[in-house]
Amino acid sequence: MIIIGEKISIIAKKVREAMMKRDPLPLQELAERQWKEGANMIDVNIGPAEDGGDELMAWMVRAIQEKVPAPLCLDTTNYEALEAGLKAHNNQWGRPLINSTSNDPERFSILELAAKYNSQIIGLTVGKGGLPADAEERAAIAADIMARAAEYGVPLEDLYLDPLVLQIATSQDHALKVIDAIKMFQEMNDPPMKTVVGLSNISNGCPKNIRPILNKYYFIMLMNAGLTAAIADAQEMTEAIQEKKLVDDVLAGKKIDDANKMAEITKTLDVIMNKTLYAHSYLEM
Amino acid sequence: MALSGVEIFKLLPKTNCKKCGFPTCLAFAMALAQGKVELAKCPDVSEESKKLLGAASAPPIRMFPLGTGDKAAKVGGENVLFRHDKKFINPSVFAINIKDTLSNDELTKKVEEVITSEIDRVGQKLRVDAISIEFASGNAQQYESAVKLISEKAPNTIIILNCKDASAADAAVKIVAARKPLLYCATEENAEAMANIAKTHKVPLGVYADGLAALSSLTEKIKGIGVEDLVIDSGAKNAKGILELNTQVRRSALKKSFKPLGYPIINFVLREDPVLEACIASVAVAKYGSIVVLNSIEKWKNLALFTIRQNIYTDPQVPMQVEQKVYKIGEATENSPLLITTNFSLTYFIVAGEVENSKVPTWLAIMDCEGLSVLTAWAAGKFTAGKIAQFIKESGVENQVKNKELIIPGMVAILSGSVEDKLEGWKVTVGPREANAIPTFLKTRSA
Amino acid sequence: MSYVIPKETCSGKVLSPDFGKGSKAVKIGGENALPFHSFDGAIPNKPVIAYEIQDIFPDDWPDTVKNQFSSVSDNAVKWAEYCQNELKAQAIALRLSGTHPDRGDRSPQDAAKTVKDVLAAIEVPLIILGSNHMEKDAAVLVAASEAASGYNCIIGKAQEGNYKTIVAAALAHNHKLIAMSELDINLAKQLNILITQMGFDKERLLTDPMCSALGYGIEYTYSVMERIRLAALMQNDATMQPPILGDVGMYVWKVKETVATEAEMSEWGAVAERGITWEAVTATSMLIAGANLLIMRHPKAVETVNKVVEELV
């Protein structure tokens, strides 16, 4: 399992401020912390970054890799910013990962960059206008992206398919559809296609106290489905791996000693599998 | 049972020849698995695979077109019971029933109403799609002449030959066979004759029987004669019958893979009271009626029925969008505030609703972001400072407001500086994060 | 192949609160099948339509519906009596619009008096609605609940932002309560949980997932209602088992299709019939999706929807 640390994101206020002020320290601290927590790669999300995205991305890549010997996941829709990031990236620590191309024509050309800079790339299985309805639609888009990757000269081993995790608080039925898609993607090539998810989106919009619970158990279910990589909270994922046996026991219908834990796992799995309707207070029911 | 895309892929030639229009055999297989393309598009598939795939890729509810040309309509092909699971595919066809006993003038007038029923709503052309010509006279010649007249006056409209008399039907079909009319209908009494007419002229056939047990044996019998494009009528007339029997048909086809009922449904609503007819028809639209036959065709009723059909058949995965423009809410003047948000319809309805609640006249700029909500649109690079600035400049709203101040959603507070940089002479204010805070926000400002 | 009806039995059942008192009290809900699927299970109670009236003259209603009540709508008591006696209303929904800060800002005491007067004049059950102003409703509905003590009314609407005081008032005076959320099934469930966690019995609750007019988001309401019903029946989710309210009239009688005259929109046809049909089709769709109680305005629309209900049961 490849864990891609998610914390360096423009969505976080602290990160945003550091980015604006070009203050490397908070970013380096975050990168180092995630590295220590077990992240194999560090995600660098600068958002759409319309203005000066190229200079910003190059600066971030250098700042982070100065302190952490890890490959980076370059996360933006901005072509120039990606190219600048790829140029700046120190491949000595491993190959970078572009986040991402998709079935939206605006994002096709990003594949050029993967080919040109020998980078790995995420293929997000969404098209223009509308979300995929189920695993089958995700697989159909995946097939299109795979064909396009071949056209652009990107080997399928370098393509990570991302089924797009949606928020359980608003799109509960997709939690299971994403798990099915992960299984389906792997069957689409031999050797199996690699897969990745932006994990924490599952609990986006949920109360703070239940976010790690949903993240962890969902991660375990995805692991069981054969997931290759996750953009996630490294600390949480390390914990998840420690708790995996308990969850697997519950999944296998076994009882576990800790009754509270048992209830927490059972209720959460029921929500993930769409057997009970999600509500913020689902653990209290 | 249906095969998965990967299972289908294994049966394809794997040449990636692109003759099917897809870049690879894998992509073609995935589309095939979803019923989005036909196997016939692959010129090189082996006979053996064809056999295996043919049975597996047959949809649970048969799909075929009625009519020809650009006003043809597909019926059937549905995959789900509830619209939130996945899009309902082929919107109900609305037909108006006309009796052959009407005078030529009356017939002409009715046809005229059908032809002029077309309106434009949210970018879609909507119309009464079909004319059902009822054999009410009992006189084959009169029927033939009515069919002739209507088919001439309405050269593109779908025709339903509503006639149980085989010899009258045979004569009428000959006039319009090339237009793929629906021949309605075969019953237990006339099944063989009607099936043979449909077979000879290659037209779809309606099948009527009282109740679903009788109906399913009748469709089997007709299929045995060699007609497969069938439309079924369980005899349901009132709202309860329509809801219950249509539901049973859809469930049987989808959940039990019961082939004898795997066909699109026709419902005859036919009421004297047009408001009641509209209501019963809307039950049929929501509950799986593929063809809904009506008595009357008032403009106001059409509007309501076209709208409910459009709403029910909206793809739940594709966010409904509203038109990009600056909306005037209340009696907005040059001194009123200007808000901006994305064109996701739910965002629009809720924001516009809260602005209305505030009673503060306001300009609401709705920007095309492919129907994404604010934060998603921003993350996807569709609601960025550059694009907002460009939209505001091109919208011409500058000439509508005196005070060049743009209020952006609190969710994208981060954009305020860069929008200001790109919109010279404008002040950018960060509004509330949630719509329900809008009334207080607007009222505090205007106070 | 022989044909077997594909029946589905549900593990859950919709709750069946009653409201009003005496012989005119009505009961809604109670079904253990999807809406009108009587081949699957029992549908013990028909959906009920309540006529909407207001505590102030409805100057914001379009003529088509305003003119129906022109002789009575200056007075809530007359209006209520007219609905009960002339229109044979099964229930009345009194919307206290006049308490809205922008529409007269009538005091909670004023509103309480109107409630008392209306209750004294009618025998059919009463639904008491605020003006949809979060803060003001909290005060108004507390006073209204007290004024209606003993009448077993339905009080609404409690929303995420103001439910606590309203729940407490409904609890203290033994009323039924509408819990409203905005087109989000998960928030609808959450609000029901929060309300029951205050000790309010779920058997006394109604869910309003927010109505929408035909052409203006009705598909969202339709699907949220269908999903609430599926959760209640198929998943036996107790928090989703209260009956559903469709507050139809207020969403319908403001959209362009019910307002624009034929002179303005010639391809839309006659405005009066159009408005009536708009309300009737919206209401019918809500019933098909799972609504147990509707609030409507136009007598002809109500009459038609009642005919639809008679056909459906």
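Quick look at the values:
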read-out: Leading residue by the ranking (surrounded by the fewest Cβ atoms within 10 Å (Cβ to Cβ)) among those in the stretch B:287-335 that are closer than 30 Å to B:Ser446 by Cα and among the charged types (D, E, K, R); value: B:Glu331
read-out: Given (1) outside any helix (DSSP H, G or I); (2) modelled with pLDDT of 95 or more; (3) more than 21 Å from the chain's Cα centre (by Cα), index of the condition A:Glu66 fails; value: (1)
read-out: Which numbered condition A:Gly253 fails, given (1) in contact with a helix residue (DSSP H, G or I) (Cβ under 8 Å, 6 or more places away or on another chain); (2) more than 21 Å from A:Asp134 (Cβ to Cβ); value: (1)
read-out: Filter pass, B:Ala209 being buried (at least 16 other Cβ atoms within 10 Å of the Cβ) and within 30 Å of C:Ser2 (Cβ to Cβ); value: yes
read-out: Yes/no for C:Asn174 being in contact with a strand residue (DSSP E or B) (Cβ under 6 Å, 6 or more places away or on another chain), surrounded by fewer than 21 Cβ atoms within 10 Å (Cβ to Cβ), outside any strand (DSSP E or B) and away from chain B (no Cβ under 14 Å); value: no
read-out: Residue selected from the stretch A:3-51 under the condition touching a residue at least 24 places away in the same chain (Cβ under 8 Å) and β-branched (Val, Ile, Thr), by the criterion farthest from the other protein chains (Cβ to nearest Cβ); value: A:Ile3
read-out: Tally, over the stretch B:85-108, of residues that are away from every other protein chain (no Cβ under 14 Å) and under 24 Å from B:Ser282 (Cβ atoms); value: 6
read-out: Residues that are assigned to a loop (DSSP other than H, G, I, E, B), of a type outside the set (S, T, N, Q) and in contact with a helix residue (DSSP H, G or I) (Cβ under 7 Å, 6 or more places away or on another chain), drawn from the stretch B:2-32; value: B:Ala2, B:Leu3, B:Leu12, B:Pro13, B:Lys14, B:Cys20, B:Gly21, B:Phe22, B:Pro23
read-out: Checking B:Val111 against (1) touching a residue at least 40 places away in the same chain (Cβ under 8 Å); (2) within 14 Å of another protein chain (Cβ to nearest Cβ), the condition it does not meet; value: (2)
read-out: Meets criteria (free of Cβ contacts under 8 Å to residues at least 40 places away in the same chain, more than 30 Å from C:Leu34 (Cα to Cα) and within 14 Å of another protein chain (Cβ to nearest Cβ)) for B:Phe82; value: no
read-out: Residues of the stretch B:311-342 classified as out of contact with any Gly (no Cβ under 6 Å at 6 or more places or on another chain) and outside any strand (DSSP E or B), total; value: 18
read-out: So B:Lys299, is it out of contact with any Leu (no Cβ under 7 Å at 6 or more places or on another chain) and at the interface with another protein chain (Cβ under 7 Å from one of its Cβ atoms); value: yes
read-out: Matching residues in the stretch C:1-57 - criterion: being among the acidic types (Asp, Glu) and under 26 Å from C:Val140 (Cα atoms); value: C:Asp18, C:Glu52, C:Asp55
read-out: Matching residues in the stretch B:234-275 - criterion: being part of a helix (DSSP H, G or I), touching a helix residue (DSSP H, G or I) at 6+ places or on another chain (Cβ under 6 Å), of a type in the set (A, V, I, L, M) and more than 7 Å from chain C (Cβ to nearest Cβ); value: B:Ile242, B:Val249, B:Ala253, B:Leu261
read-out: The stretch A:163-201, residues that are touching a helix residue (DSSP H, G or I) at 6+ places or on another chain (Cβ under 9 Å) and within 17 Å of A:Asp43 (Cβ to Cβ); value: A:Leu164, A:Val165, A:Lys194, A:Thr195, A:Val197, A:Leu199, A:Ser200
read-out: Those residues of the stretch B:85-138 which are closer than 20 Å to B:Val75 by Cα and part of a loop (DSSP other than H, G, I, E, B), in sequence order; value: B:Asp85, B:Lys86, B:Lys87, B:Phe88, B:Ile89, B:Asn90, B:Pro91, B:Ser92, B:Glu118, B:Arg127, B:Val128, B:Asp129
read-out: Which listed residue, of B:Lys202, B:Lys221, is out of contact with any Pro (no Cβ under 9 Å at 6 or more places or on another chain) and within 14 Å of chain C (Cβ to nearest Cβ); value: B:Lys221
read-out: Enumeration of residues in the stretch C:283-313 that are free of Cβ contacts under 8 Å to residues at least 60 places away in the same chain and of a type outside the set (D, E, K, R); value: C:Thr284, C:Ala301, C:Thr304, C:Val308
read-out: Output for the stretch B:387-409, where each listed residue is assigned to a helix (DSSP H, G or I) and surrounded by 16 or more Cβ atoms within 10 Å (Cβ to Cβ); value: B:Lys387, B:Ile388, B:Ala389, B:Phe391, B:Ile392, B:Ser395, B:Val397
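Each row is one residue, and each column tells you yes or no for (1) among the β-branched types (Val, Ile, Thr); (2) modelled with pLDDT of 90 or more; (3) farther than 26 Å from B:Val227 by Cβ.
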{"site": "B:Met1", "(1), (2), (3)": "no, no, no"}
{"site": "B:Val6", "(1), (2), (3)": "yes, no, yes"}
{"site": "B:Lys18", "(1), (2), (3)": "no, yes, yes"}
{"site": "B:Ala29", "(1), (2), (3)": "no, yes, yes"}
{"site": "B:Leu39", "(1), (2), (3)": "no, no, no"}
{"site": "B:Lys99", "(1), (2), (3)": "no, yes, yes"}
{"site": "B:Ser103", "(1), (2), (3)": "no, yes, yes"}
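Conditions tested, residue by residue: (1) assigned to a helix (DSSP H, G or I); (2) surrounded by fewer than 23 Cβ atoms within 10 Å (Cβ to Cβ); (3) within 18 Å of the chain's Cα centre (by Cα).
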| residue | (1), (2), (3) |
| --- | --- |
| C:Pro6 | no, yes, no |
| C:Lys13 | no, yes, no |
| C:Ala33 | no, yes, no |
| C:His37 | no, yes, no |
| C:Gly41 | no, yes, no |
| C:Asn45 | no, yes, yes |
| C:Lys66 | yes, yes, no |
| C:Val72 | no, yes, no |
| C:Val77 | yes, yes, no |
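Here is a yes/no grid of residues against (1) assigned to a helix (DSSP H, G or I); (2) more than 11 Å from chain B (Cβ to nearest Cβ):
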{"site": "A:Ala147", "(1), (2)": "yes, no"}
{"site": "A:Leu166", "(1), (2)": "no, no"}
{"site": "A:Gly205", "(1), (2)": "no, no"}
{"site": "A:Gln235", "(1), (2)": "yes, yes"}
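The values are calculated or read from the model by the stated rules, or taken from the named source; none is laboratory data. If you're wondering where the values come from, they're calculated on a predicted model, not measured in any experiment. We place every Cβ from the backbone using ideal geometry, glycine too, and count neighbours over all the protein chains shown.
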